[in-house]
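Notes follow once the structure below has been shown.
The values are calculated or read from the model by the stated rules, or taken from the named source; none is laboratory data. All values derive from a computational prediction rather than experimental measurement. Methodologically, a virtual Cβ is constructed for each residue, glycine included, from the backbone with ideal geometry; neighbour enumeration extends over all protein chains shown. Only protein heavy atoms, including side chains, enter the accessible area calculation; ligands, DNA and RNA are left aside. Shrake-Rupley method; radii C 1.70, N 1.55, O 1.52, S 1.80 Å.
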Amino acid sequence: MAKPRELKRRIRSVQNTRKITKTMELVSTSKLKRAQDRVVGARPYAQALAEVIGDLYSPALAERFPLLRQPAHGVRRAAVVLITSNRGLCGAFNANLIRESRRRMKELEDQGAQVELHLIGKKGIGFFKFTRRPVASQRIDIGDRPTAAHAADVMEPLMAQFTAGTLDAVDVVFAKFNSAVSTPPTTLRILPVTPPSSRRSGGQETKAAVNYILKPSAEAILESLLPLYVRNQMYRALVETAAAEHGARRTAMKNATDAGGDMLDLLQRTFNRARQGQITQELAEIVGGAEALQG
């Protein structure tokens, strides 16, 4: 059994660590609310954009816009954008995202596609640097407060490559924010744009009813909306991953705080037993010494 002095030192260490994890839990809870508000604000706008594009879409128009053009001979060259966090201490959050990106890249490569990797976040960069995987681009400046400008910076070069025909598809791997405890890694195909051209009615798919006065024309509107839609899809992925990161960190820090409390209880009981044993031994030595003096 450890000595009482050593146990007291371990108790102080666990108490200090528990204060840190509790503070990080509170900070993540505070940041999660703001990040969740950004997610809630981004989703209706993205849905409305998709509905408008779906209403305007037609096969004839699709041939005029490169962002709508499906690859004629399958995907031969694809880009995978992986979004991870810059910081750790969030459980298996980053590991799950990296695992999903590797699964997606393997799936594309098994189909005969050449895959280029684009990384956002220090954790993904660190992992693929360790595995010596070639990386087409990387950035760590976005952090947990992404903006529309960040999304545009990421997507503009990829849209240019897709328009030029050097890319056949662009996938983004991100954490979908369902709730603070449900953030599954998700793969979303951003390019080519696949609009929801039909809706279900009575169990059958029907063409959505168009109720617009188009001015100047559907072509001019799509020309403006398509790049905006693509950038918005990336922005959604960034804000959902940021919110998911805070949710994962809050859960991880709460689990660490609870585990620290359990460890403190165990150490305190062990310390009490050790102290009781020490006191009993001292009393026995005193009684034995007194009896020896009387004898």
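Here are a few things to note about the model shown:
- For the chain, the relative contact order works out to 31 percent when only alpha carbon pairs closer than 8 Å and six or more residues apart are counted.
- Most positive-pole-ward Cα, ALA78, LEU188, ILE125, against dipole of the chain from beta carbon charges: ILE125
- Largest to smallest in accessible area, the residues LYS22, LYS33 fall in the order LYS33, LYS22 (1.4 Å probe, all protein chains included).
- Measuring r between the beta carbons of ARG145 and SER179 and using R0 = 25 Å, the FRET efficiency lands at 0.75.
- If the segment from ASP265 to GLU51 were pulled out straight at 0.36 nm per residue, it would be longer than the present Cα-Cα gap by 71.4 nm.
- Among ALA148, ALA284, ALA46, residue whose mean-square fluctuation peaks in a GNM of the chain (springs only between Cα atoms under 10 Å): ALA284
- In region 106-144, the trypsin sites (Lys or Arg not before Pro) that fall in loop regions by DSSP, at most 13 other Cβ within 10 Å: ARG132
- Solvent-accessible surface of the chain, averaged per residue with a 1.4 angstrom probe and all protein chains in place: 57 square angstrom.
- Length-normalised contact order of region 108-171 in % [C-alpha pairs under 8 Å, at least 6 apart]: 24
- Rough spin-label spacing in nm, given labels placed 7 Å along Cα→Cβ, for GLU109 and LEU283: 7.0
- Label-point separation in nm, ARG43 to GLN276, each point 7 Å along Cα→Cβ: 5.4
- Under the convention that each Lys and Arg Cβ holds +1 and each Asp and Glu Cβ holds -1, the size of the dipole of the chain around its Cα centre is about 820 debye.
- Taking the C-alpha atoms only, the angle from helix 218-294 to the longest principal axis of the chain is near 10 degrees.
- Placing unit charges on the Cβ atoms of the charged side chains and taking the dipole of the chain about its Cα centre, the candidate lying farthest along the positive direction among PHE93, GLY247, GLN294 is GLN294.
- Summarising the label geometry, the points placed 7 Å from Cα in the beta-carbon direction at ARG34 and ASP258 lie 2.8 nm from one another.
- Shown for the chain: the carbon plus sulfur share of the solvent-accessible area, taken with all protein chains present and a 1.4 angstrom probe, equals 53%.
- Quotient of C-alpha Rg and 2.2 N^0.38 Å, computed over region 93-155: 1.19
- Cα pair distances exceeding 24 angstrom across the chain, given as percent: 63
- Computed from Cα atoms, the angle from the helix 148-164 axis to the main principal axis of the chain rounds to 50 degrees.
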